[in-house]
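The values are calculated or read from the model by the stated rules, or taken from the named source; none is laboratory data. Only a predicted model underlies this, so the values are computations on that prediction, with no experimental measurement involved. Backbone-built Cβ (ideal geometry, glycine too); neighbour counts: all protein chains shown. Just so you know, the surface numbers come from the protein's heavy atoms only, side chains and all, with ligands and any DNA or RNA stripped out. Shrake-Rupley method; radii C 1.70, N 1.55, O 1.52, S 1.80 Å.
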Amino acid sequence: MPRFVPYEEAIAPRTTQLNTPSLAPVAAWFQHQGWEPLSFQQETWEAFLAGRSGLVQVPTGSGKTYAAVMGAIAAMLHDPKPGLQLLYLTPLRSLSRDIEQSIRRPIEDMGWDLRVESRTGDTSASRKARQLKNMPQILITTPESLALMLSYAGAETLFGSLRAAILDEWHELLSSKRGTQTELCLSALRQLRPSLQTWALSATLGNIQEAAQVAVGLDIEPVVIQTKPPAANDHSQHPAPTR
C-alpha cells in the first residue's frame, strides 16, 4: 500500500537527528545550508539505504531531486567504488543542466570525491568519448542516450558497478514509446545488475501503485512515498519549499 504522508508533515522539517549513521554527510550539508531535511526526503533516503526501490510523488518544487539522490550519495560516500554508480534518467534533456547543477552543489560545497556529468544529444563527441574511458559516479542522461550506451560492446563494463537508477518525471514517460524504451533499458540494466535499485519521481500520477510497479519491475515490492497537497481553501498549510 502507498505510504501517504500528510502534506503539512511532509513539507515540515525534521528537527530530530537522522537515524542512519551513513546519512551524516548529508545531514552536515543540509545544516551547512541552514536547512532541515523534509519528512519525505528522510523517508526516501532511509528506504534507499535499506535496499528498497520505489516512487516518490510530491508537488513540483518540493525537493524531489534531493530526496532521490542523497540516499545514493550517502551510500557512495560510505562505501566508495570506482565506475558509474548512479544513473539519473530524465525525459527532458533541457533540464539536464539544471539537474546536474543541483546535484553538483552539495558535492562541491562539501568536497566529496564524486563526479557528476550529463550525457545527452547536446554533449560533445569528445566528452562522450572521455566518459566511456572514465565514467563519472553520477550520470544524467535521457532514454535515447541510455539505449545507445546499452548497445555498445562494453556495456557490461560501463554499467558493471551501477547501484541505482532514478527516473525523473515518470508521468511523462508512462504509456509512451519513450516509456517503453525506458522499460526495455531498465530490463537490460537489471540483467547486468540484478541488485539495481530504481526510484521514480513524479508530481502527478493516476494509478500510483501501478506506476510504481512498472518503475521497479514485477519482482520487487515498491515503496510509495506520496504527499497530498492542501485544499485550495485551506490557508493553514505551509507553502512547498523549492529545494
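Summed over region 112-129, residues that are touching a strand residue (DSSP E or B) at 6+ places or on another chain (Cβ under 7 Å), in a helix (DSSP H, G or I) and among the small types (Gly, Ala, Ser) total 0.
Scan region 89-111 for residues that are in contact (Cβ under 8 Å) with a residue 60 or more places away in the chain and either outside any helix (DSSP H, G or I) or surrounded by 19 or more Cβ atoms within 10 Å (Cβ to Cβ) (or both) and the total you get is 6. Considering each residue of region 160-171 in turn, none proves to be open to solvent by less than 40 Å² (accessible area, probe 1.4 Å), at pLDDT below 95 and over 27 Å from Asp122 (Cβ atoms). Among the residues of region 45-70, those that are within 9 Å of the chain's Cα centre (by Cα) and over 21 Å from Asn207 (Cα atoms) comprise Thr65, Tyr66, Ala67, Val69, Met70. Exactly one residue out of Leu86, Leu55 is crowded, with 20+ Cβ neighbours inside 10 Å, of a type in the set (A, V, I, L, M, F, W, C) and in contact with a Phe, Trp or Tyr (Cβ under 9 Å, 6 or more places away or on another chain), and it is Leu55. If I filter region 185-208 down to residues being closer than 18 Å to Phe48 by Cα and surrounded by fewer than 16 Cβ atoms within 10 Å (Cβ to Cβ), which single residue comes out as farthest from the chain's Cα centre (by Cα)? For region 185-208, the residue satisfying everything is Pro194. Quick check on Ala47: is it in contact with a strand residue (DSSP E or B) (Cβ under 9 Å, 6 or more places away or on another chain) and crowded, with 23+ Cβ neighbours inside 10 Å? When the stated conditions are applied, Ala47 does not pass them. All conditions but one from (1) over 27 Å from Lys177 (Cα atoms); (2) outside any helix (DSSP H, G or I) apply to Val56; the one that does not is (1).
Here is a yes/no grid of residues against (1) within 30 Å of Lys133 (Cβ to Cβ); (2) in a helix (DSSP H, G or I); (3) not polar (S, T, N, Q):
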site: Glu36; (1), (2), (3): no, no, yes
site: Gln42; (1), (2), (3): no, yes, no
site: Thr65; (1), (2), (3): yes, yes, no
site: Leu77; (1), (2), (3): yes, yes, yes
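The residues in region 140-159 that are among the polar types (S, T, N, Q) and surrounded by fewer than 20 Cβ atoms within 10 Å (Cβ to Cβ) can be counted, and the count is 2. Checking each residue in region 209-221 for being in contact with a Ser or Thr (Cβ under 6 Å, 6 or more places away or on another chain) and open to solvent by 10 Å² or more (accessible area, probe 1.4 Å) picks out only Ile220.
Of Leu114, Leu18, all but one fail to be open to solvent by less than 60 Å² (accessible area, probe 1.4 Å) and modelled with pLDDT under 95; the exception is Leu18.
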